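The values are calculated or read from the model by the stated rules, or taken from the named source; none is laboratory data. In this text the structure is predicted, and so the values were computed from the model without any measurement. Backbone-built Cβ (ideal geometry, glycine too); neighbour counts: all protein chains shown. Areas reflect the complete protein model, heavy atoms only, side chains present, ligands, DNA and RNA absent. Shrake-Rupley method; radii C 1.70, N 1.55, O 1.52, S 1.80 Å.
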Amino acid sequence: PEFGKLKAYHPSVTYKTAFDSELSNIQGSSVHLFKTVMNLVSNAAEAMPDGGRLTISTKNQYIDQPICGYDDVEEGDYAVFTVSDTGIGIAADEIGQIFEPFYTKKVMGRSGTGLGMAVVWGTVQDHHGMIDISSQVNAGTTFFIYFPVTRDALEQRHGSPSIAEYTGKGQLVLIIDDNEEQRTIASSILMALNYRIISAESGEAAIDCIKKEKPD
């Protein structure tokens with residue numbers, strides 16, 4: 001579904017994939033890795049307003065000599081995830097800022113929250129990965145994400161988790177959302193799972209809540 005939306009928003013962009021069928025395993029959170037992939041791919045598509053080619057690839061790579069790039073990539077075995085576009089590129093004096101929260105060249109209100117690349121940075125750091133970037137103005141950008149390979153066996157899951165795994169013990173949860181319906185839905189679900197709830201409609205209101213009662 002996400003790819004369908006991406007194609008609808010950017011119909012003049014063509015997409016190409018090149019995945020290693022023998023890609024090594026990594027340890028990580030599938031939810032956070034999914035968000036990282038989608039943020040990079042969405043940004044690449046948006047960088048080609050007049051159309052272009054977006055390439056997503058994976059490969060195994062052994063680094064025998066440290067790479068001094070955006071991050072210093074140390075010696076070792078990596079599963080490398082790459083997103084490349086033929087778009088507007090990033091100026092050399094801006095590359096150092098792109099992972100800062102709310103740093104964006106996009107028109108405000110048109111797309112995203114300004115946190116997409118900060119999420120990418122945080123996720124890669126949490127997974128002990130490294131990032132390198134190759135970009136030239138009006139000639140495209142490539143992001144290389146290096147994830148350390150694991151030799152551990154794949155985790156095997158059988159059946160669906162029981163409701164007990166999600167049930168709370170009266171912990172206090174603070175819900176922050178500017179949409180009243182979303183606050184109501186989230187509150188109802190969490191209260192049914194034995195959590196206590198306080199909610200706020202803004203960051204400022206959330207700070208006031210925290211001053212009165214500390215959520216778990």
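Given the options GLU100, GLU201, GLU22, which has the most mean-square fluctuation in a GNM of the chain, springs set between C-alpha atoms less than 10 angstrom apart?
GLU201
Could you tell me what percent of the DSSP beta bridges with both partners in the chain are antiparallel, to the nearest 5?
The antiparallel proportion sits near 70 percent.
Computed from these coordinates, which is log10 I(q)/I(0) by the Debye sum over Cα atoms at q = 0.10 Å⁻¹: [x] -0.61; [y] -0.70; [z] -0.52?
Looking at log10 I(q)/I(0) by the Debye sum over Cα atoms at q = 0.10 Å⁻¹ for this model, the match is [x].
Keeping to pairs on different chains or 8 or more places apart, tell me how many lysine pairs in the chain have Cα atoms under 26 Å apart.
The result is 19.
Only Cα pairs under 8 Å and at least 6 apart count here; give the relative contact order of the range 9-153 as a rounded whole percent.
On the way: 279 pairs, mean separation 41.8, N = 145.
Worked out over the range 9-153, it gives 29 percent.
Find the centroid of the Cα atoms in the range 180-214 and in the range 4-25, then give the distance between the two in whole Å.
38
Which whole-number value in Å² is the accessible area per residue of the chain, probe 1.4 Å?
For the chain, the solvent-accessible area averages 65 Å² per residue.
Take the alpha carbon atoms of the range 1-54, find their radius of gyration, then divide it by 2.2 N^0.38 Å using N residues; give the quotient.
Values: Rg = 13.0 Å, N = 54, 2.2 N^0.38 = 10.0 Å.
Here the Cα radius of gyration is 1.30 times the empirical estimate.
Taking Cα atoms of the range 119-216, Rg/Rh with Kirkwood Rh, to two decimals?
Ratio value, two decimals: 1.15.
Net charge within 12 Å of GLY170 by Cβ-Cβ distance, Lys/Arg positive one each and Asp/Glu negative one each, not counting GLY170 itself?
Here the charged neighbours net out to +1.
Note down the magnitude of the dipole of the chain about its Cα centre, charges +1 on Lys and Arg C-beta and -1 on Asp and Glu C-beta and zero elsewhere, to the nearest 20 debye.
Taking the Cα centre of the chain as origin, the dipole is about 660 debye.
Summarise the accessible area of the chain (1.4 Å probe, protein heavy atoms) by the percent that is carbon and sulfur.
Taking all protein chains in place, the chain shows 52 percent carbon and sulfur surface.
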